[in-house]
Amino acid sequence: MKYYIIAGEASGDLHGSNLVKQLRQIDTAADIRSWGGDMMEAAGAHVVKHYKELAFMGFVEVVMNLRTILRNIDLCKKDITAWQPDVLVLIDYPGFNMRIAEWGKQQGFKIVYYISPQVWAWKENRVKKLKQSVDKMLCILPFEQAFYHKWNYEVEYVGHPLVEVVKAAKEKPADAPLSDKPIIAVLPGSRKQEVSVKLPIMLTMAKHFPDYQFIVAQAPSLDDHFLEALTGQHPNVSMVKGQTYTLLRQATAALVTSGTATLETALFGVPEVVCYKGNPISYFFAKRLIKVKYISLVNLVMDKLVVKELIQHDLTEEHLLKELTLLLKDTHVRNSVMNDYAALWHKLGEKDASRRAAEVIYDYAVAR
């Protein structure tokens, strides 16, 4: 079968790579063409466009790069048309992939969406478009199935792919220590415009905890000089590249931007503070559109405040110092977080998500 897979971000590249591996096990003759990254390419997909050229987030950023985005959508449509896949697999990345889904359905392609857009967070009425354009929706969060059911849209919950990724990482032999001090992991995200706002505030903690080594996980999309300019003035701050899981295995606590990283940190059992601060105009619009109580996946899945969220104006040195001190010094707070993390793992870890998703996609691709 010919599979065309589209992932537009680092997390999509990770989950897409595991999906590619499973597809190639099930369908040994699989021909896989994709938009993605290095991990998908290493797994055996031919990458047409790298996600580093696609990652725009926030109202202002999207408007500024609209011409590039539209040009990429047009390029994608032409490439799919020329290649004629048996199934089109879309991974998250809704602003781009929902357009491709609508167009692809009109062209007669089979459409599978793996990792549902977060329509439950904002613009619920987008479910109507998804019902019309997506043949099979595969969800990775346990509450999504019930959400879609309210809209008379039956979807499949396949489990969360991060569980198998983290489990495999934990089973590997321990790496050499990254520091001789206890470690605070700093995961500031992958988008330059957001990191430049958040990271300086996150790193103010270094002076308050001189006995700890603060280690920044450098995303592939961020260059060395950019991060060195932000970290260089702190003697107990360093960086690692391509070692995020090693860092999380060794960390005592973590400062983490919103997104997939909050869930990864929790699955590794690291108490964390969630930090988010973005473009003021983008935040203004997002705050009026987003309906959910929390921004971190940990709190959303558990439906309660497990990890503290410091968002926009609340992300200050004073607030961050208070929350990090609690995680490092208050045994009761740490134990409470760890107990909730155990329950989170149980909620998400019941299925092998990548394998199940690959089975559904293959079965649908071969169906006549």
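The values are calculated or read from the model by the stated rules, or taken from the named source; none is laboratory data. Remember, it's a predicted structure, so these values are computed and weren't measured experimentally. Ideal geometry is used to build each Cβ from the backbone, glycine not excepted, and the neighbour counts take in all protein chains shown. These accessible areas exclude ligands, DNA and RNA; they are computed on the full protein's heavy atoms, side chains included. Shrake-Rupley method; radii C 1.70, N 1.55, O 1.52, S 1.80 Å.
Just a few scattered comments:
- None of Leu320, Leu310 is touching a Leu at 6+ places or on another chain (Cβ under 7 Å), buried (at least 17 other Cβ atoms within 10 Å of the Cβ), in a strand (DSSP E or B) and at negative phi except Leu310.
- Per the listing Thr246, Thr257, the residue uniquely modelled with pLDDT of 90 or more, of a type in the set (Ser, Thr, Tyr) and within 14 Å of Val195 (Cβ to Cβ) is Thr257.
- Hits in segment 124-160 - residues which are open to solvent by 50 Å² or more (accessible area, probe 1.4 Å), free of Cβ contacts under 8 Å to residues at least 40 places away in the same chain and within 25 Å of Ala365 (Cβ to Cβ): Lys129, Lys131, Gln132, Gln145, Glu154
- Close contacts from segment 111-123, counting a first residue that is modelled with pLDDT under 80 and a second that is β-branched (Val, Ile, Thr), with Cβ to Cβ under 9 Å and a gap of 6+ residues or different chains, come to Ala121/Ile290; Ala121/Val292; Ala121/Ile295; Trp122/Ile290; Trp122/Val292.
- Residue check: Thr81 meets all listed conditions (1) at pLDDT below 90; (2) of a type in the set (Ser, Thr, Tyr); (3) open to solvent by 50 Å² or more (accessible area, probe 1.4 Å) but one, namely (1).
The rows are residues; the columns are (1) surrounded by 14 or more Cβ atoms within 10 Å (Cβ to Cβ); (2) part of a helix (DSSP H, G or I); (3) at negative phi; (4) charged (D, E, K, R).
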| residue | (1), (2), (3), (4) |
| --- | --- |
| Lys293 | no, no, yes, yes |
| Leu300 | yes, yes, yes, no |
| Lys304 | no, no, yes, yes |
| Ser336 | no, yes, yes, no |
| Tyr341 | yes, yes, yes, no |
| Leu344 | yes, yes, yes, no |
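- In the set Asn72, Asn65, only one residue is at pLDDT below 90 and either of a type in the set (Asp, Glu) or touching a helix residue (DSSP H, G or I) at 6+ places or on another chain (Cβ under 8 Å) (or both); that residue is Asn72.
- Sole residue being small (Gly, Ala, Ser) and out of contact with any Lys or Arg (no Cβ under 9 Å at 6 or more places or on another chain), chosen from Ala146, Ala174: Ala146
- Condition met for Arg356 (open to solvent by 50 Å² or more (accessible area, probe 1.4 Å) and under 16 Å from Glu144 (Cβ atoms)): yes
- The set of residues in segment 211-228 that are more than 24 Å from the chain's Cα centre (by Cα) and more than 16 Å from Val186 (Cα to Cα) contains only His225.
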